[in-house]
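Read the figures in this text as sums done on the coordinates, not as results from a lab. Just so it is clear, the structure is predicted and the values come from calculations on it, not from any experiment. All Cβ positions, glycine included, derive from the backbone under ideal geometry; neighbour counts span all protein chains shown.
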Amino acid sequence: MTALLIAASLLVGVSLGVLGGGGSILTVPILVYLAGQDTKEAIATSLLVVGVTGLAALVPHARARRVRWRTGLLFGAFSMAGAYGGGRLAEYLPGTLLLVAFALMMLATAVAMLRGPRGGRERARSAPAELPLKHIAVEGLVVGAVTGLVGSGGGFLVVPALAILGGLPMGIAVGTSLLVIAMKSFAGLAGHLAGVEIDWRLALTVTAAAVAGSLVGGRLAGRIPQDALRTAFGWFVVVLGVFVLAQQLDTAVWAHPATWAVLAAVPAAVIAARRRAAHRRSAPASTGPAAASGGPPVPGERHRERAAKS
């Protein structure tokens, strides 16, 4: 079991180093189902693991100049406030409710990962280099509160916000996300420590393995096709989220047709979205004056086209 725990912790670090997220999504189930921790202890420990690992993974990205420091520090500051509040609120909520919320967050995150950024490249060319302060404040507080409450939703909410709304290239969004993750993870941990005790020996073991994985992931970043990696990891998170839900929900819930209808809707929505995106990419682009004006060519232009061909 110890070898499996260390191997899984390495995967946590690799995910953070390559994708800039996914640490808590993996760490909480690892601590609950492999290490036998209760939900609240696992969430608090995951925040410690992810915070330290995020700092370690930040180093190779910073050396490669893939970190936007101003955006990251401001986003992280607002996220810290939200994460501390979420951590304090989690003390008064039942563990089962937190795990169910965590599993639903995993499924929502997986859908976002599998759909990928919509129009991200086009927006990146025209969007400002830094997020507006009001966007940073609102999104930072929301992302931080979710992270502090259920120990998840950090990197895979921060990266899309930076890449799509902020217009940052994917590599820079990943590096900047690690700075935000580290800041708000420590803030969320501070909120949890008021009501949870951490097994420091286990936490340090998992953290050491995750840090090693993050250094590997940081070196791999930019060498692995991000779309392929995001898709594979997204389906893995879907499976893991369904597993966590299966462990928490009553048998009668799983026997109800509505449950399976909702679960079937997740991959169906993803597949439909990907087909629409593929259809838009494969549609032939119209050129010439007719395409620019949106109508058929006028007679004079048709005559000039014949003359040019002859």
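Odds and ends about this structure:
- Taking every alpha-carbon pair within segment 196-249, the share separated by more than 17 Å comes to 63 percent.
- Environment charge of residue 57, counting only residues whose C-beta is closer than 12 Å and scoring Lys/Arg +1, Asp/Glu -1: +3
- Taking label positions 7 Å along the Cα-Cβ direction at both residue 3 and residue 89, the computed distance is 4.3 nm, reported to one decimal.
- Full extension of the segment from residue 220 to residue 70, taken as 0.36 nm per residue of separation minus the current Cα-Cα distance, would add 51.5 nm.
- The ranking of 214, 79 from fewest to most other beta carbons within 10 Å of each one's beta carbon is 214, 79.
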